[in-house]
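A short write-up of the structure that comes next.
The values are calculated or read from the model by the stated rules, or taken from the named source; none is laboratory data. Bear in mind the structure is a predicted one, so any value in this text is a computation, not a measurement. Here the Cβ is made from the backbone with ideal geometry for all residues, glycine too, and neighbour counts use every protein chain on show. These area figures cover heavy atoms from the full protein model, side chains too; ligands, DNA and RNA do not enter into them. Shrake-Rupley method; radii C 1.70, N 1.55, O 1.52, S 1.80 Å.
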Amino acid sequence: MLDVEETIGVVGAPHIPQQRGEQLLDAAVRYAEERHWDVFAGTWLEAEEGRERCSCGESDCPAPGAHPARPDWATQATGSPAAARRMWAKEPGASVLLPTGRTFDALDVPETAGCLALARMERMEIQLGPITCTPFRRMLFFVLPGGALKVGDLARKLGWHPSSLDLIARGEGDYVVAPPTRMGSRGSVQWARQPTAANRWLPDAEELVSALAYACGRDAADARRR
C-alpha cells in the first residue's frame, strides 16, 4: 500500500513538505495573523527517564502532547497574534490547536479514503481548502463553518448511513491539531495542502461529502475483504 506522500504524489497534488523546522510559536502566530484563525496552546511532551510523556500526566494518554491542557480551552482560544505570542512564550513546546466551528469546520477521514477522495475531487476540479495529515493516518479537510452540521443529512441523501462511514465532522465545540505539532512518538501533523492565498476561500461541506463518503465506503469494504 502506498503511504500518503506517495499516493498524493501519484494523483498530482503537491508533495507534503517537511515542516519540522518551524517553531510552534511562529506557526501559531502565523495562523492568527495570516488566516485569522483562533489558536490555543495545548499539552506538550516532557522527557522522563529517557522517554517522552504527555504533560497531562496520563501514562496511557491517547494523544500525547496534542490535546487541550484545560477544560476551559474554548475561552482561551485567541485570534490575536500578540496574545498567541504571549501564550507560547510561557510554554514554547505546547501543541498548536485550532478550534473548529468558528472560521472553519473539518471533515476527518482515514488517510486511504482521503487520498482516494482527493484524486476524485481534483478530477472534478473542486476548489479545496487546507488539508492536514496526522501521524495517526487521518486526513482533515477544512470547510466553511457550519459544514459539520450538514454531513449527516448529506450522507443520507447520497444513500449512506452516517454511522457506517468513518467520516468525523468536527464543528462547534471541537478542535483540530495543527502543524507542526508532534503527537507523541508517532510523528508530526503536516499539511497535505498548506494554507495559501489561493485557498483562503473554503469550500462548503456539500462540495466534498459525495467524494469523501464514497471513498470512506470503499475503504470500509476493502477492509472487510482483507
Specify which of the listed residues (156, 137) is open to solvent by 20 Å² or more (accessible area, probe 1.4 Å), over 14 Å from residue 107 (Cβ atoms), touching a residue at least 60 places away in the same chain (Cβ under 8 Å) and in contact with a helix residue (DSSP H, G or I) (Cβ under 9 Å, 6 or more places away or on another chain). 137
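Residue by residue, here is whether (1) in contact with a Pro (Cβ under 9 Å, 6 or more places away or on another chain); (2) within 26 Å of residue 43 (Cα to Cα) holds:
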residue	(1), (2)
69	no, yes
74	yes, yes
81	no, yes
98	no, yes
106	no, yes
128	yes, no
132	yes, yes
149	no, no
Residues of the range 82-103 being open to solvent by 10 Å² or more (accessible area, probe 1.4 Å) and touching an Asp or Glu at 6+ places or on another chain (Cβ under 9 Å), in sequence order, are 93, 101, 102, 103
Does residue 121 fit the bill of being open to solvent by less than 20 Å² (accessible area, probe 1.4 Å) and over 18 Å from residue 99 (Cα atoms)? yes
Does residue 78 fit the bill of being surrounded by fewer than 22 Cβ atoms within 10 Å (Cβ to Cβ), more than 29 Å from residue 211 (Cα to Cα) and among the β-branched types (Val, Ile, Thr)? yes
So, in the range 202-226, how many residues would count as being modelled with pLDDT of 95 or more, open to solvent by 20 Å² or more (accessible area, probe 1.4 Å) and in a loop (DSSP other than H, G, I, E, B)? 2
Working only within the range 95-116, note down all residues that are farther than 19 Å from residue 171 by Cβ and out of contact with any Ser or Thr (no Cβ under 7 Å at 6 or more places or on another chain). 110, 111, 112, 113, 116
From the residues in the range 159-196 that are open to solvent by 20 Å² or more (accessible area, probe 1.4 Å) and aromatic (Phe, Trp, Tyr), which one is modelled with the lowest pLDDT? 160
Give me the residue from the range 140-184 that is in contact with a strand residue (DSSP E or B) (Cβ under 7 Å, 6 or more places away or on another chain) and hydroxyl-bearing (Ser, Thr, Tyr) and, out of that set, nearest to residue 206 (Cα to Cα). 175
So how many residues does the range 27-57 have that are over 19 Å from residue 188 (Cα atoms) and touching a residue at least 24 places away in the same chain (Cβ under 8 Å)? 7
